[in-house]
Amino acid sequence: MKPLDLLEQSLHKRVLVATKGGRSFRGVLDAFDQHLNLVLSSAEEVDQDVVTPRAGVTLVRGDSVVYISP
Amino acid sequence: MKPLDLLEQSLHKRVLVATKGGRSFRGVLDAFDQHLNLVLSSAEEVDQDVVTPRAGVTLVRGDSVVYISP
Amino acid sequence: MKPLDLLEQSLHKRVLVATKGGRSFRGVLDAFDQHLNLVLSSAEEVDQDVVTPRAGVTLVRGDSVVYISP
Amino acid sequence: MKPLDLLEQSLHKRVLVATKGGRSFRGVLDAFDQHLNLVLSSAEEVDQDVVTPRAGVTLVRGDSVVYISP
Amino acid sequence: MKPLDLLEQSLHKRVLVATKGGRSFRGVLDAFDQHLNLVLSSAEEVDQDVVTPRAGVTLVRGDSVVYISP
Amino acid sequence: MKPLDLLEQSLHKRVLVATKGGRSFRGVLDAFDQHLNLVLSSAEEVDQDVVTPRAGVTLVRGDSVVYISP
Amino acid sequence: MKPLDLLEQSLHKRVLVATKGGRSFRGVLDAFDQHLNLVLSSAEEVDQDVVTPRAGVTLVRGDSVVYISP
């Protein structure tokens, strides 16, 4: 079983996405592709201690992603 | 449904684009391609607290993009 | 014998994964692919001296990986 | 319509090019390719508050480009 | 003769591997591939003056490698 | 006309090459390829205010290049 | 004539190799490939003012190279 197959188990669930540079996102994983481009809904951005809600869908570019966890 | 399909829903709407290095842009998403090269119109650049309007269309190079949100 | 063949010996065992930017993860290696995308279960994130447990499976993007060791 | 098609509208017009690392250029866009390699004429380099005129044509490597705007 | 052919002369010998970001490893080179993914056994990690032994085999991702020397 | 065609006009002429990380080179452009790997002769390296002459031909790796100007 | 052809003129001669991150190497260029992976013999590493001799052959990964000069 491959990593991206396992990521399918997180579809439509809330995930934490950490990106290069230190910003993180929490949101519902609505879609992803093989580059790890991600679409999050009901997302909020966490930059150190500042939490900013992001309305609608947020697309995170795959090559900015460090890890994705529940 | 794939991430870039979802991005089509943001076409001709106002988006926030965060880039590596900390600069962000707000503008109307007029076009994008599979590399996430983006064209924004009526854009303004936000660098920390400084907001600079950018006349005409601004092209943001895809590999500079961290995320795109409404 | 190639590096990724040797990594198969670590499947389902506890590993330490160091990423660019300084964060590390400890967890059970459940899956990997040729890009070194990794899936860890029972993972904890180690950022300097702060250890944060991560429930469920954590996917670490391959191009963030510096090294993987037992 | 794709981003690079829209960039054709800026050909032979004055543009601002911001690069990774903070340097920017102002000049007339004489040519570009699909990597966003750019040729600027009558260019000046802007590094913080220092403006340096660059005689002749300046070639900016595409993967250094963050954005291009009028 | 190509660089990777010469690296075969270091197989099963002790090498020093310097990675981007400043961490280095000393260990026996058990395997490598064309991306310079490396497997080291009996490895120790050297981060400035701190030496940490790493049990078992350590896989270093090729694109983190700066140089490999005896 | 494409950017690299225009660069041919600088062949055998003195150019300034700025690289990522802040070092620059002045020298005669003897050769280049499509990756923007460059060969400079009679080159000098400029690192802030320190100018170091480099005898013979200097090869600058293309992906280090930010811009090339006369 | 292409950049890598010109580099053949430096084969078996002493070169200076500067890498991203500031470390440099002096040594005899024994081999290179099209990625600019380099093999140096009788090498010494120069990190600011500290010179460290490196016995045997040192392989420098191509994508760490900024420039190579005599």
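The lone criterion from (1) farther than 21 Å from C:LEU11 by Cα; (2) at the interface with another protein chain (Cβ under 7 Å from one of its Cβ atoms) left unmet by E:LEU59 is number (1). Just one of (1) in contact (Cβ under 8 Å) with a residue 12 or more places away in the chain; (2) within 12 Å of chain G (Cβ to nearest Cβ) fails for E:VAL39. It is (2). Looking only at residues of segment A:27-70 that are of a type in the set (Ser, Thr, Tyr) and under 12 Å from the mean Cα position of the chain (by Cα), we find that the one that is farthest from B:TYR67 (Cα to Cα) is A:SER69.
The set of residues from segment F:4-26 being within 12 Å of chain G (Cβ to nearest Cβ) and closer than 11 Å to F:ILE68 by Cα comprises F:VAL17, F:ALA18, F:THR19, F:SER24, F:PHE25.
Filtering segment G:5-35 to residues that are in contact with a strand residue (DSSP E or B) (Cβ under 8 Å, 6 or more places away or on another chain), over 22 Å from F:GLU44 (Cβ atoms) and modelled with pLDDT of 90 or more leaves G:LEU11, G:HIS12, G:GLY27, G:VAL28, G:ASP30, G:ALA31, G:PHE32. Of all the criteria given as (1) out of contact with any Lys or Arg (no Cβ under 6 Å at 6 or more places or on another chain); (2) acidic (Asp, Glu); (3) over 21 Å from A:SER10 (Cα atoms), the one not satisfied by C:ASP47 is (1). Here segment B:1-15 is the region considered, the condition is being within 17 Å of D:PRO3 (Cα to Cα) and among the aliphatic types (A, V, I, L, M), and the residue that is nearest to the chain's Cα centre (by Cα) is B:VAL15. Of the strands (runs of 3 or more DSSP E) lying entirely inside chain B, the ones with 3 or more residues being farther than 23 Å from A:ASP30 by Cβ and open to solvent by 40 Å² or more (accessible area, probe 1.4 Å) are found at B:38-47, B:50-60.
The values are calculated or read from the model by the stated rules, or taken from the named source; none is laboratory data. Bear in mind that the values here come from a model prediction, so they are computed numbers and not experimental data. Glycine gets a Cβ as well: all are built from the backbone with ideal geometry, and neighbour counts include every protein chain shown. Heads up: the accessible areas ignore ligands, DNA and RNA and are worked out on the full protein's heavy atoms, side chains in. Shrake-Rupley method; radii C 1.70, N 1.55, O 1.52, S 1.80 Å.
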